[in-house]
Amino acid sequence: MTNVENAIKYFYDNQNRMTDSYLDLVRIPSISNDADRRDDMVRAANFLNDYLSKIGFEKTEIFPTVLHPIVFAEKKSADPAAKTLLIYGHYDVQPVDPLNEWKSDPFEPEFRGEHLFGRGASDMKGQVMATIFAVESALQSGDLPINIKFLIEGEEEIGSVSLEDFIKGHKDVLSCDMILNPDAGMVGKDRPTLVYGLRGMTYFEVRVDGPKADLHSGLWGGNVANPAIVLSEIIAKLHNPDGSVAIPGFYDQIPAMTEEERTRIASNKLTEEDILEITGSPALYGEEGFTPVERQGARPTLDVNGLYSGFISEGAKTIIPAYAKAKISCRLVPNQDPLEIFELAKDYILSIAPDTVRTTIFLHSAGPAYLADDAPGVQNLVDAMAEVWDNPVTYKREGGSIPVATVMQRELGVKSLLTGFGLPDDAIHSPNERINFPNWLKGIEALIHFYLSFGKA
């Protein structure tokens, strides 16, 4: 038997024991934004630290932060020339509200059919444990052909508030040749996926102030501008009839997509029917001239994320609200500068805002887009996934953002391999989160192939 076959056999021989450990981690309610769960956060960090130590990592350490601890571990190869792979993950999870919509206890994992249900089963405890079990299995086949480091944080679901400073202060500890981040996912079952692009973002808020207090609409309506109406009119002018963003200069720095790029994006076979089924929307909407998968990750967007104004409780109250506000995000593609886009948006909105109200705009956050089709180790990972699933790999430009990938590229000088074994219908961040268990098992096989591929001539 080859080393890969030995490692996979070891995994399946020990699958029940490993699965029990996975379930034990899911049982820990490590909700990072809940102050009452601080002890559970420490428990989860200790669990991972102890498990990594138990399977042979020579160095394991828990680093405290101002909030939740970071777990670091290192396993060295006997080969002094071996490359180093840094694996990123997070052990914190989202809150479980609304609890009454769960069909089972979110922290008592339950198998139903081919799915495992529980908070964190997919995002991202399932992915973290898959990477660990694959390392454990590969170690049984002989010495690893690569050095492996783990960096597992507990604050991803609240913005990774401590991570950037930790990376900046521990560059030597985290130095590596490759980075694996399995916090992405697959576009569908039996469709292994490599995410090679992430959109950046500019997130800002628009506030429109009118009268000094809410006014009686019968007395003052018709003489005083209504901030809710003004803001609605501003928002209505942020898009053109063809679905494109109306802000002047918004697209100026974006090069036209090449046929090669469009062909690669088209490897994502997500259909219009798939999108409608997943989202529950009655019909698609978007910028004309582009396919749905191109609009999903390779084109910039502008969306209203929240609106607030006036009386929003049950019943009636006849007022002209004193103010209205909207939270707006622009998802950006390479070559768009997030701060420049904010200034363009600000200038345009102020230019169309009437002088019957006071309009203020302020920036919440900004981050650049990310391309990593040339990340170190990419072909090894693609070959490993294609072999296990016996299907070609889908190359996806993700619509969202994974800020840690940008931070690691800037601070460590290495682009990340972004993948994962969750599916679009895993209901992450929602009630009844789940993972397709057979798909998860295949993911572990693929990781074994990947780790041991560096030992090939």
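The values are calculated or read from the model by the stated rules, or taken from the named source; none is laboratory data. Everything numeric here is computed off the predicted structure, so don't read it as measured data. Reconstructed Cβ throughout: ideal geometry from the backbone, glycine too, with neighbour counts over all protein chains shown.
Computed values, structure above
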item	result
Neighbours by Cβ (under 9 Å, 6+ apart or cross-chain): first from region 327-338, under 9 Å from Tyr203 (Cα atoms); second of a type in the set (Asp, Glu)	Lys327/Glu205; Ile328/Glu205; Ile328/Asp303; Ser329/Asp303; Cys330/Asp303; Arg331/Asp303
Qualifying residue in region 40-60 (condition: part of a strand (DSSP E or B) and surrounded by fewer than 17 Cβ atoms within 10 Å (Cβ to Cβ))	yes
Residue within region 67-85 that is on the phi < 0 side of the Ramachandran plot and in a helix (DSSP H, G or I) present	no
Single condition Glu277 does not satisfy, out of (1) without any contact (Cβ under 8 Å) to a residue 24 or more places away in the chain; (2) exposed (fewer than 11 other Cβ atoms within 10 Å of the Cβ)	(2)
Candidate set: region 360-415, residues that are of a type in the set (D, E, K, R) and part of a helix (DSSP H, G or I); chosen: the one farthest from Ala345 (Cα to Cα)	Glu387
Looking only at region 402-457, and only at residues there that are under 24 Å from Leu270 (Cα atoms) and basic (Lys, Arg), the one that is surrounded by the fewest Cβ atoms within 10 Å (Cβ to Cβ)	Lys442
Odd one out for Val206 among (1) assigned by TED's automatic domain parsing to the domain that holds Leu52; (2) over 21 Å from Met124 (Cβ atoms)	(1)
Only listed residue being of a type outside the set (Gly, Ala, Ser) and part of a loop (DSSP other than H, G, I, E, B), chosen from Glu340, Glu260, Glu288, Glu273	Glu288
Breaking point among (1) in contact with a Lys or Arg (Cβ under 6 Å, 6 or more places away or on another chain); (2) surrounded by fewer than 18 Cβ atoms within 10 Å (Cβ to Cβ), for Val161	(1)
Selected residue (criterion: farthest from Ala427 (Cα to Cα)) from residues of region 255-274 that are of a type in the set (S, T, N, Q) and surrounded by 10 or more Cβ atoms within 10 Å (Cβ to Cβ)	Thr263
Among residues of region 127-180, those that are among the polar types (S, T, N, Q) and closer than 19 Å to Gly420 by Cβ, counted	4
In region 344-381, the residues that are among the hydrophobic types (A, V, I, L, M, F, W, C) and under 20 Å from the mean Cα position of the chain (by Cα)	Ala366, Ala369, Leu371, Ala372, Ala375, Val378, Leu381
Residue in region 179-186 that is over 30 Å from Pro392 (Cβ atoms) and of a type in the set (S, T, N, Q) present	no
Condition check for Ala35: crowded, with 21+ Cβ neighbours inside 10 Å, of a type in the set (Gly, Ala, Ser) and out of contact with any Cys (no Cβ under 9 Å at 6 or more places or on another chain)	no
Residue that is assigned by TED's automatic domain parsing to the domain that holds Arg434, hydrophobic (A, V, I, L, M, F, W, C) and touching an Asp or Glu at 6+ places or on another chain (Cβ under 6 Å), where the choices are Ile31, Ile87, Ile62, Ile8	Ile8
Lys149 vs. criteria touching a Cys at 6+ places or on another chain (Cβ under 7 Å), of a type outside the set (A, V, I, L, M, F, W, C) and modelled with pLDDT of 95 or more	yes
Residue within region 101-112 that is of a type outside the set (Gly, Ala, Ser), crowded, with 22+ Cβ neighbours inside 10 Å and in the same structural domain as Pro424 (by TED's automatic domain parsing) present	yes
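Each row is one residue, and each column tells you yes or no for (1) in contact (Cβ under 8 Å) with a residue 40 or more places away in the chain; (2) assigned by TED's automatic domain parsing to the domain that holds Gly113; (3) touching a helix residue (DSSP H, G or I) at 6+ places or on another chain (Cβ under 7 Å); (4) over 23 Å from Asp373 (Cα atoms).
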position	(1), (2), (3), (4)
Lys415	yes, yes, yes, no
Gly420	yes, yes, yes, no
Pro431	yes, yes, yes, yes
Asn436	yes, yes, no, yes
Asn439	yes, yes, no, yes
Gly443	yes, yes, yes, no
His449	yes, yes, yes, no
